[in-house]
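Below is one structure, written out as C-alpha cells; the observations come after it.
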Amino acid sequence: MKISVCGKGGSGKSAMVTLMAGAMRQRGYGVVVVDADESNSTLHRMLGFDSPPRPLLELAGGKRMVKQALGPKDASADTGADTNVLSQDRIAVADLPSDFVLDRDRIRLIAVGKILQALEGCACPMGVLSREFLKKLRLGDDEVAIVDTEAGVEHFGRGVETSIDAVLVVVEPSFESLQLAERVNALADGIGIASIWAVLNKVTSDEMATRLSQELDRRGLEVAGTVHYDPRIFEAGLEGRPLDGSKAAEEVSDLVGGIFPQR
Amino acid sequence: MCLSTAYVIDNGQKEEVMNDVAFLRAEDNGFMLTTLLGDNRFVQGRIESIDFMNEHSIVFTK
C-alpha cells in the first residue's frame with residue numbers, strides 16, 4: 001500500500017510520517033518513506049538519520065540535464081549514477097543504488113529532490129519524478145510506502161497521487177487547515193482514491209477534538225485519529241532531533257492500529 | 001506542469017507521442033526529444049506551435 005500524507009504547511013505532516021513509520025514498523029511492516037517535499041529538508045533528522053540520502057533527481061539527471069545549455073544526448077551523462085533503474089517498468093527499493101536509500105531497521109528513506117538555489121526554476125521536475133517513481137515502485141506484501149508531500153495541493157495537480165492507495169490529511173486546529181482538508185478530500189476522491197482519512201493534530205482539549213471532528217464530518221471527511229499537542233515533539237522539532245517515545249507516538253500507533261492489521 | 005507533452009500532426013490527425021519532455025534538440029530533419037527520465041525519441045518534421053502557458057505542449061507537423 002502507498003499512503004500519501006497531505007495537509008497545510010506546518011500542520012505536522014513530516015512528524016506524522018515519522019511517527020507513522022515507527023508505528024508501522026512496530027506492527028511488522030517494512031516501511032519505505034518517500035520524501036516528496038521539495039522545500040522542507042529535515043525529515044531525515046526526524047527519522048534519526050544524520051544526513052539525507054542522495055535525491056532521485058540526481059539519478060534522473062533531471063534538472064542538471066535541463067540546465068545544460070547544450071543538453072546531452074544521454075540523460076545519464078555526468079550524473080555519476082546508473083539512470084537505467086528509473087527507466088525500468090517496475091522499481092524495487094533494492095534496485096536503487098545504496099547511496100539513494102537510507103535504512104534503519106527496515107525503515108528506508110528515499111528523497112526525490114529539493115529546491116536548493118535561488119533562480120533554479122520551478123519544482124515541476126520533482127513532481128514528475130515523484131509521480132513516475134511512485135507509479136513504478138513495487139512493494140512486497142509486508143511493505144508500505146508513506147509519502148511526505150509538499151504543503152498544499154499542487155502535488156495533486158502534478159499527478160503525484162496517481163498511484164496512491166490512500167490519503168491521510170493532517171488537520172491542525174485552524175479554519176485554513178479544515179478548508180484544505182476539504183479540498184484534499186475532493187481532489188483525492190476525484191482521482192478515485194478510495195481511502196481518505198483525516199487525523200487531528202496538535203489538539204489541546206477534548207472540546208477542540210469534538211469541534212474539529214464535527215467540522216470535518218460536515219465536510220465529508222472521516223476522522224481516523226487524534227494526536228494531541230505534545231511538547232516533546234515540539235522540542236525535538238526545535239532541536240532537529242529524532243521523534244520517538246512521545247505521547248504523540250502512542251496516539252499515532254493507535255491511529256495506525258485502527259487502520260492497518262498487525263502482521 | 002512545466003514539462004511538455006509532444007504531439008505530431010500527420011494527415012490531419014493529432015497524436016500524442018511523448019510526455020514529460022524536458023529537452024528538445026534540433027537535428028537535420030527533425031527534433032530529438034528527451035524526457036526527464038532520459039528516454040529519447042526522434043520526431044521528423046517541423047514545429048507548428050509551442051504552448052508555454054496552458055497545455056505545455058509542442059506540436060510538430062510532418
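The values are calculated or read from the model by the stated rules, or taken from the named source; none is laboratory data. None of these values were measured; they are calculated from a predicted model. Neighbour counts are summed over all protein chains in view; Cβ atoms, including those assigned to glycine, are modelled from backbone coordinates with ideal geometry.
Is it true that some residue in region A:250-262 is polar (S, T, N, Q), surrounded by 20 or more Cβ atoms within 10 Å (Cβ to Cβ) and touching a residue at least 40 places away in the same chain (Cβ under 8 Å)?
No, because not a single residue in region A:250-262 is polar (S, T, N, Q), surrounded by 20 or more Cβ atoms within 10 Å (Cβ to Cβ) and touching a residue at least 40 places away in the same chain (Cβ under 8 Å).
Kindly indicate which of A:Arg25, A:Arg54, A:Arg45 is farther than 17 Å from A:Gly113 by Cα and either among the basic types (Lys, Arg) or more than 14 Å from the chain's Cα centre (by Cα) (or both).
The unique qualifying residue is A:Arg25.
Can you find a residue in region A:121-136 that is closer than 25 Å to A:Gly257 by Cα and modelled with pLDDT of 90 or more?
Yes, some residue in region A:121-136 is closer than 25 Å to A:Gly257 by Cα and modelled with pLDDT of 90 or more.
Find the residue count for region A:196-222, including only residues that are in a strand (DSSP E or B) and either under 16 Å from A:Ser246 (Cβ atoms) or free of Cβ contacts under 8 Å to residues at least 40 places away in the same chain (or both).
8
Kindly evaluate A:Lys114 against the criterion of being under 19 Å from the mean Cα position of the chain (by Cα), of a type in the set (D, E, K, R) and either at pLDDT 80 or above or under 20 Å from B:Met32 (Cα atoms) (or both).
yes
Between A:Ile115, A:Ile193, which is assigned to a loop (DSSP other than H, G, I, E, B), out of contact with any Phe, Trp or Tyr (no Cβ under 8 Å at 6 or more places or on another chain), within 14 Å of chain B (Cβ to nearest Cβ) and under 22 Å from A:Gly12 (Cβ atoms)?
On inspection, the qualifying residue turns out to be A:Ile115.
Within region B:30-62, track down each residue that is out of contact with any Lys or Arg (no Cβ under 6 Å at 6 or more places or on another chain) and aliphatic (A, V, I, L, M).
B:Leu36, B:Leu37, B:Val43, B:Ile47, B:Ile50, B:Met53, B:Ile58, B:Val59
Do any helices (runs of 4 or more DSSP H) lying entirely in region A:1-103 carry at least 1 residues that are at pLDDT 90 or above, and which ones are they?
Because the criterion is at least 1 residues that are at pLDDT 90 or above, the helices (runs of 4 or more DSSP H) in region A:1-103 that meet it are A:13-26, A:43-46, A:56-60.
Quick one: would you say A:Leu109 is under 17 Å from A:Arg54 (Cα atoms), buried (at least 17 other Cβ atoms within 10 Å of the Cβ) and more than 14 Å from every other protein chain (Cβ to nearest Cβ)?
Against the criterion (under 17 Å from A:Arg54 (Cα atoms), buried (at least 17 other Cβ atoms within 10 Å of the Cβ) and more than 14 Å from every other protein chain (Cβ to nearest Cβ)), A:Leu109 qualifies.
For A:Asp141, only one of the following conditions fails: (1) surrounded by 19 or more Cβ atoms within 10 Å (Cβ to Cβ); (2) modelled with pLDDT under 95; (3) more than 19 Å from B:Cys2 (Cβ to Cβ). What is its number?
(1)
Tell me which residues, restricted to region A:140-184, are outside any helix (DSSP H, G or I) and among the hydroxyl-bearing types (Ser, Thr, Tyr).
Across region A:140-184, the qualifying residues are A:Thr149, A:Ser174.
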